[in-house]
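Below: the structure, in structure tokens.
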Amino acid sequence: MALYDLIGKQNNKSLARLWHSKPKSTIELSYLISTESPDEAARKARFAHENGYKGLDVKIGFDLKQDLEIVDAVKHTAPNLYFRVDANQGYSFSNAVKAAKHFEKIGVDIFEQPLKANDLLGHAQLRRKTSVPIALDESIWTAADLIQAVRFEACDTAVIKLTKMAGLTGARRCGEIGREAGLELVGGGLTESTLGLSASAHLFNYLEIETPVDQNGPMFLFDDPVEEGPRIEESTVHLTDGAGIGCKVNSSKLEKYKVE
Ligand SMILES: [Mg+2]
């Protein structure tokens, strides 16, 4: 990321322009719902709907019955939002099939990583039993992983994340291969600061990812090293077209958080 930022700054071009992609002024964030209570899930879905979010990302994968109650409560409360359901490897094959059948009925846009990361064959078999698109996240860290997933026909969608894929070069390579292989791409993140969010946004725009992305890092962080950069307004991130990644980092904060 630092090298791309430097190259951009030396050429006085944002990452988007450096990559000859069309700079977009905004990206849309999805709203994260992670709870064991269907009532709380419904409350959060209502909040997201009322505050202009276009998509929801619901974490499940614990107890099938409770999970379905949570998903139902969310769908009932906010039926028209883009609906991504992420089981984080939590299901057995038989429970994944039961969940997928239920999701077909109520309408879920993506069923993410239901089975263990190394179970590509299981995901491929699940895909043949359901019409709900299956996304892989923890199964795909590198371009080699992505190629294996394509060879196994294990997914419809790949989750692109900067940190998981070791930075912009790795994540961009995964995205390009996935796109050429005919996969859908969705964007995600770990708990990055605004700096990571901004670099991810350039990449997602370059890869033409249009669905709301799971990039909620800054709202979970106590502090942020970025003093000038994109402006986050509820569900919308307003990007700058500044050189490189487009952020100005506060150097005294870098000093403060430095690990010797
Ligand atoms: Mg995930």
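The values are calculated or read from the model by the stated rules, or taken from the named source; none is laboratory data. Computed from a prediction, not measured in an experiment: that's the story for all the values here. Here the Cβ is made from the backbone with ideal geometry for all residues, glycine too, and neighbour counts use every protein chain on show. SASA here: full protein model, heavy atoms, side chains in, ligands and nucleic acids out. Shrake-Rupley method; radii C 1.70, N 1.55, O 1.52, S 1.80 Å.
Table for the structure above
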{"read-out": "Positive-end residue, the chain charge dipole about Cα centroid, Cβ charges, pick of Ser92, Gly175, Cys247", "value": "Gly175"}
{"read-out": "Rounded to whole Hz, the Karplus (6.51, -1.76, 1.60) HN-Hα couplings of the range 224-240, x for glycine and proline", "value": "9, x, 8, 9, 9, x, x, 9, 9, 10, 6, 8, 10, 9, 8, 8, 9"}
{"read-out": "Per residue accessible area of the chain, 1.4 Å probe, in Å²", "value": "48 Å²"}
{"read-out": "Most positive-pole-ward Cα, Gln215, Leu185, Pro79, against dipole of the chain from beta carbon charges", "value": "Leu185"}
{"read-out": "Whole-percent carbon and sulfur share, accessible surface of the range 150-260, 1.4 Å", "value": "50 percent"}
{"read-out": "With all protein chains modelled, accessible area of Thr163 [1.4 Å, Å²]", "value": "70 Å²"}
{"read-out": "Phe222-His76 pseudo-label distance in nm [points 7 Å out on the Cα-to-Cβ vector]", "value": "3.9 nm"}
{"read-out": "Difference of contour (0.36 nm per residue) and Cα-Cα distance, Ser92 to Lys248", "value": "51.6 nm"}
{"read-out": "In Å, descending, principal axis extents of the Cα set of the chain", "value": "54, 41, 39"}
{"read-out": "Accessible surface, 1.4 Å probe, highest first, among residues Ser198, Ser34", "value": "Ser34, Ser198"}
{"read-out": "Exposure ranking of Glu176, Glu112, Glu50, Glu227 by accessible area [1.4 Å probe, largest first]", "value": "Glu50, Glu227, Glu176, Glu112"}
{"read-out": "Added length on full extension, which subtracts the Cα-Cα distance from 0.36 nm per residue, Lys129 to Asp63", "value": "21.6 nm"}
{"read-out": "Accessible surface of Asp223 - all protein chains present, 1.4 Å probe, nearest 10 Å²", "value": "50 Å²"}
{"read-out": "For Arg179, solvent-accessible area (1.4 Å; no DNA, RNA or ligand), Å²", "value": "80 Å²"}
